[in-house]
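Comments concern the structure below.
The values are calculated or read from the model by the stated rules, or taken from the named source; none is laboratory data. None of the values given here were measured: they were computed from a predicted structure. All Cβ positions, glycine included, derive from the backbone under ideal geometry; neighbour counts span all protein chains shown. The protein model used for the area step is the full one, side chains on, heavy atoms only, and it has no ligands, DNA or RNA in it. Shrake-Rupley method; radii C 1.70, N 1.55, O 1.52, S 1.80 Å.
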Amino acid sequence: MSDAPASFETVPGDPASPVILHVPHSSRHIPADVRAGIVLDDAALERELDHITDAHTAEIARAAAGLAGLTPWRFVNRTSRLVVDPERFPDEREEMTAVGMGAVYTRTTHREVLRSDGTDPEPLIERWFRPYARAMTEAVAGRLAATGRAVIIDVHSYPTEPLPYELHGRGPRPPVCLGTDGFHTSPKLLAAARDAFAPCGETGLDSPFGGTYVPLDFYGKRAEVGALMVEIRRDTYMSEPGGPAGPGLSSLAEALATLVDAVSG
């Protein structure tokens, strides 16, 4: 189908750059046939997209790429996470399945019905999730082949106030949360991120969201693949829940570019 080839985009960077800026949750686009399986009316769906979309994160990554000394690669999801969430496990390993938000969401951020009970997730996983995973795997393999290593920097955002779906929403909510992995996030990478984002305010660790995204072919196996999740609190750069970006976006893009430069050499 014509939607599938455009569902994600690899934006090439410098051939010598090991860095991939991964932007999985910035899009609001839902193809018409996928929309048909969502039970919300149009107004309710727009409200849900306001809450669930990491608005303007693709713009932050794009601006950072333009500022970096060595242009990083970018891998950008062009469909909403309400189609599939490419960062979830597609099986029982995914803890968010407990609130109906595994790879295919059946509940909203406010734990209301998004898709009917009994919805089979497999067609969506086959059509959208697996091609995305394969393409991201290929992107990382390309950086490994070209530079001997890869550094995945996930670019996310999160609301100032916790939403009902959050499993760990009671912890700190700093301006910048750094999500880490014990195998793929080195002390050097973490220190570089803390330094880069220091001008943006306090940086916290793994709260309210933790972990990183690494394609399963490399996860826990290839130490040459570094990974860090950058979660930006939305009030620092935009009007919540789904409003326009503000002046904070530029400073965050500069900080992300600083991090890219620090880990590119």
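Structural remarks
- Heavy-atom accessible surface of the chain: percent carbon and sulfur, 1.4 Å: 54 percent
- Phi-derived couplings, Karplus 6.51 cos²θ - 1.76 cosθ + 1.60 at θ = phi - 60°, listed residue by residue for segment 151-163: 10, 9, 10, 7, 10, 10, 9, 8, x, 4, 9, x, 9 Hz, with x used for Gly and Pro.
- Per residue accessible area in Å² of segment 197-252, where ligands, DNA and RNA are left out and the probe is 1.4 Å: 43 Å²
- For segment 170-229, size of Cβ-based charge dipole, Lys and Arg +1, Asp and Glu -1, in debye: 80 debye
- Environment charge at Ala227 (Cβ cut-off 15 Å; Lys +1, Arg +1, Asp -1, Glu -1): -2
- Rounded tilt (10° steps) of 187-197 against the dominant C-alpha axis of the chain: 80 degrees
- One compactness figure for the chain is 0.95, namely its Cα radius of gyration divided by 2.2 N^0.38 Å.
- When the helices of the chain are scored as -39500 (n - 2.57) per DSSP H run of n ≥ 4 and the total is divided over every residue, the value at 222 nm lands at -8500 deg cm²/dmol.
- Between segment 1-76 and segment 171-216, the alpha-carbon center distance in angstrom: 21 Å
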